[in-house]
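What follows is a short report on a single structure.
The values are calculated or read from the model by the stated rules, or taken from the named source; none is laboratory data. Values in this document were obtained by computation on a predicted structure and should not be read as measured data. Note that we place each Cβ from the backbone using ideal geometry, even for glycine, and neighbour counts take in every protein chain shown. Just the protein is used for accessible areas: all its heavy atoms, side chains included, with ligands, DNA and RNA removed. Shrake-Rupley method; radii C 1.70, N 1.55, O 1.52, S 1.80 Å.
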Amino acid sequence: IGGCNWRNIVDCPSYDGGVEEVDVGGVEVGEVEVGGGGASSIINSIINNGDYDNDDDEIETSGTGSGINIGNINFGNNDNDNNNGNDNNGNDNNSNNIGNEDPDNLDNISTKTDIITLAKEESILLCKGQWSALLPLESTGCQYYVSCLNNEVAYIQNCADGLLFDIAINGCNWAGAVDCVTMSPTRVPTTEEPTEWPTPGPTGRPTKRPSQFPTKRPTNKPSVELSPPAPVPRPTPPPTPQTARPTPKATTGAPPPDLFEWLHNHRRQLNQEVFRSYTKEGTGYRSYWFQYQDFYGALRLMSGVGDENQRGSNRGAGGQGGGSNREGTHGRRSNEGPDRNLQGGSGFGAGSGAGFITGQGTGGISGESITGLDKHLFYTGNDDPSHWEYGLVNIAAFLSHAMTESITHDACDEFHWERNSDADASTTEEQKGGSDQHYAVSNACGQDGQNYQEFQCGEGEEFMQCAVDRNLILQATTSAVYPNAPPPLSCRPRSTGESYTGYWDVVQGSTMALFPYENTYGRTDVEGCCYWGRGAIHSKGVCNIGKLNYYLGKKAQDEGRKSRYPTTDFCAFPEAICAAPESREMRWVTSMFEWTERVQSYDDMEGWNYMRKLKEFVDFGMVDFEFLEATSGILAKGCHDPPCAGSGTKVNGGYGTGTVHLAEERVKNFQTILIALEAGGEEALLRALIKYFTDRQDVMNGDVLQSQTPQGQMYPSYRYQLPDFLSAMTFISETGVGGRKFYTGEPRVPEGVRYGIVNAVMFLAQAYKEAIQYDACDENNWQLVNDRFPISNSCGQLGMSYQDQHCREDEAYMECPVKKDMEQVALTSAPWFQAPGPFKCGPRTKFPTTGFWDYDAGRENNGDAYANAQG
C-alpha cells in the first residue's frame, strides 16, 4: 500500500548476504512521533504533552551532529562510540547514543549493538538496484522500512506501535499477520530501468481490520509490489436498495482479535485518555482511584474469563490472619422467592479478605458469572468470537459513564455537585450580598431532584432492596478536592441538637446552619441518607445497593448462594465499595454488576432492546450516538427516553424524572474512548457509508441516478444503478486497487464518516456530469468545431490528445502503450435523433482520412479531412 499498515497483516522480509562499508553521510529520515506515526491523535497528544507514565513507551534524544535520524532516535556521524545508556543522553559528533527506549516499543531495535551499521549499511544495501521501492529493515524486526529512489535512500520511516512493515501489501500491518521471513538481497526485485513492470493487483486486507493507515502514504514516491498479495475473498456485495440493513462483515481467513489482548495493547491510550482525572483548574493526572489494571482484572472476572494469573481463584472469607484454602463446592438450589432458584457456591478461603485464594472454585474458567446467572456476565462478545467488536463498544459505553461519574473527578463516592438548590434561601443570601456557591448538606439524600432511599425495586424484586437504617452513621471516603470544596457526603440520624441541616458555603469554607437549607428534593436532614453513589458508575439507592448485597455480598452467603464478598453486608455498610480492603476490585465489580443487571438486560418490551441496539450501532458504522444517549437514560433514569412513564417528582424518590445529568459529556467521553480503542475504523466507516446511501435510496434513485432523454424527460438510468454503485464502493474501499482505496472518512474523528460522505457525493457529482445524465458508459462526441462534430474527437476533446496524456515520471511504467493498429468502437453514444455515432479508433491504413459527422444526413462525411480542436 506504499505506507504504514497494521502489524498483523504485514509480511516483513529479512535480508542476508554481504554488507559493504558505505559512508552515506547524513541521511535525513522522516520525522516520526513515537508510537503513533501520525495516525493516532491519542498518541500525538501523549508526545506533545510530554506526559509519560511508567508503562508508556518513551524515547527522548537530542543531538548536535549530523547523522541518520530514525524516528526520534539520532545516530551521529561517526562510529567512534556506541553508547547504550539508560538516560536520555545528547548526541555529539563523536558518539552515538541510544536513549531509554521502552522494550514494548522498540524491542527489536534496542537490543542491537550495531544499530548504526544497520541504518547506514543495510538501507544502502537494500536500495542498490532499486529505482523505486519500499523495503523493510529486517534487523529492526520489520518495524522500520526504507524508501529507495534512484538507487539511493530517500528516507527511513517506522511503523506505528503494534505494526510491522508487510511486504505482501507494501505497507504497515498488524504484527500478528506479518511473517518477517528471511529474504536474500538477491531475491529483492530490482527496479532500475525495468523492461516489464508488474501489474499491481488488488491488495486486500487478510484480516478483518485495520481502522486506518497509521502513517500517511508517500504521495510523491513510487512503490512496487515485492511479492504478490495473498488471495483475498471478494467482499460480500452491499445491500440492495430494497433493504436498509448494511452488509454483514466480510469473513476472512484470519481469526478475530482477542478482545482482552486488544485492550492490553491499547492500555497506554486508555491511561492517557480514560483513566485520567483533572483538577478544578483542568490539570490532568493519572487517576488514583480508577486504574487500568484494576479495571482489566475486574472485567476478566465479570465476563467469565477469570483472573489472568490466578484463574479459578475466589475471594477469601476471613478477615485478618491466615487460613487454609478450601475447594469450592456447589450448594443446593433454593426455591425461595421468584428469583432464587440460583446455583449456590461456597468456594471461599479463610485467608486475608483482601487477597486472592487459589482454590478450585469456578472463578470464571468455564465462562460462568460470579453470581452463577448468565445475565450477570459482562458482555464482551462472548456469544461469538466474531462479535468481539460488539463487546468492545459495550466496554466503551460502560467506561464513558464511569469517566463522567467518577474517573474524571477521581472520586469513588458521589460528591456535592448540585448547588444553590434552595431558591428562597439563595435569594435571601444574594440580597444580603452573600455567596452564590451553596451546597446543601442534604445532598447526601439525593441530587438532581431525587431521594435515593426511596429508589424501590420493581415488582417481584422488593425482597432484594435494603431496609433503610435511620440510625446509620457514615461518611464518604472521597470528595471534591479544591480550596474550600464541600466536605464528603455523610448521613446521621436527627437529634435534638440538629433538627435540620444547612449548607456549605464555598467562599466561607464552612457549613452554615442558620436555617434549614433544602436540596432539590426538599430534604433538610440526612437521616437514613446513606445510599449515595459509589464505585465507577456511582451505584446508588436502596434497590441497587440491596441487589449488590443479595447477589454479591453477605446475603448471598447467608442463603447458601455463590458470593464474591461473603463477609460484606452492603446494606449495613455500603461504604465498603470505597473503603473495604477489596475496594480496588469492588469499585469496578459492583459497577459492572449494575451494568449487567440494569443496562445489558434492558428491554422496554416495545422494541427498544439494549443488546439489539448495541449491535445495530456497530453494524451501522458507529455514527448514530442516540444509542449512547439512550444508554445514559437507562443508567441515570431507568428508561431509554426520559422522563420515564409513570415517574413523578414524589414517586419512587423522583427516579425517572427530568433529564440526564451531563448527557453531552457522556457522549463526548464515549467518542473519546472509541477513538482510544480504535473501535470501528475503515470497516465501520464503510458500513456507515453504505447505510447512508441505502437509507436515501429514494433520493439516489429519484434525483441522482436519473438520465435524460433528448426531449428533457427524466428516467431511471439503465447503466448506473444503486446496487452497482454500492458494490463497487465496497470493493474499492475494502480491497482497493494497487494499494489505493476509496476514502470513506476519518476513523479517529467522531462521526468521521461525514468526510467519506462528502467524498462520495463529490464523486457522484462528477459521474453525473460526465455519464449518468446521458446514460452513457462511453464518452459522447459532443464538441463542435466550426459547427461540426469531427470524427477525430475520439482522439480528444477540449483541445486534448488522450494518447499523449502521460503518467508522471515515477509512474510511467503503468502507461498503456499506444497501439496504432488497435480497432475499437464505443458501445454508447448520444441518443438524440441523428446524433454523432459512437467513437471509434483504427489504423490509418483503414481510415486514411477522417472528416466530420453530418447530422443532417445522419452519417459520417469523410470526403475531406476535418480536424478536431487539437488539430
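Things worth noting here:
- When only Cα pairs below 8 angstrom with a gap of at least 6 residues are kept, the range 821-871 shows a relative contact order of 29 percent.
- Which of Ala572, Met592, Thr524, positive extreme of dipole for the range 519-629 (C-beta unit charges): Ala572
- In this structure, the pairs whose alpha-carbon distance is over 28 Å, taken from Lys562/Lys615; Lys555/Lys615; Lys554/Lys615; Lys769/Lys819; Lys547/Lys650, are Lys562/Lys615; Lys555/Lys615; Lys554/Lys615; Lys769/Lys819.
- Over all other residues within a Cβ to Cβ distance under 11 Å of Asp821, the charged ones net out to +3, with Lys and Arg as +1 and Asp and Glu as -1.
- Simple point charges give the picture: +1 on the Cβ of Lys and Arg, -1 on the Cβ of Asp and Glu, and for the range 770-812 a dipole about the Cα centre of about 260 debye.
- Rounded to the nearest 10 Å², the accessible area of Thr850 at probe 1.4 Å: 40 Å²
- Dipole in debye (nearest 20) - the range 583-665, about Cα centre, beta carbon charges: Lys, Arg +1; Asp, Glu -1: 380 debye
- Each peptide in 660-669, 780-789, 268-277 gets a packing score, the mean of other Cβ atoms within 10 Å over its residues, and the list from highest to lowest is 268-277, 660-669, 780-789.
- For the range 736-791, averaging the sequence separation of C-alpha pairs within contact (under 8 Å, six or more residues apart) and dividing by the residue count gives a relative contact order of 17 percent.
- Anisotropy class of the range 744-783 from Cα gyration tensor, a/c 1.5 cut: prolate
- Dipole magnitude (debye, nearest 20) for the range 698-831, charges at Cβ of Lys, Arg, Asp, Glu: 120 debye
- For the range 539-664, the relative contact order comes to 13 percent (Cα pairs under 8 Å, sequence separation of at least 6).
- Whether the range 511-561 is rounded, prolate or oblate, judged on the alpha carbon gyration tensor where a/c under 1.5 counts as rounded: prolate
- Formal net charge of residues neighbouring Gly391 (Cβ-Cβ distance under 12 Å; K, R +1; D, E -1): -3
- Amide H contacts under 5 Å for Phe415, placed H, 5+ residues apart: none
- Lys/Arg +1, Asp/Glu -1 at C-beta; the range 679-768 dipole; positive extreme among Gln697, Gln766, Gly738: Gly738
- Residues Thr283, Thr849, sorted by accessible area with the largest first, give Thr283, Thr849 [1.4 Å probe; ligands and nucleic acids excluded].
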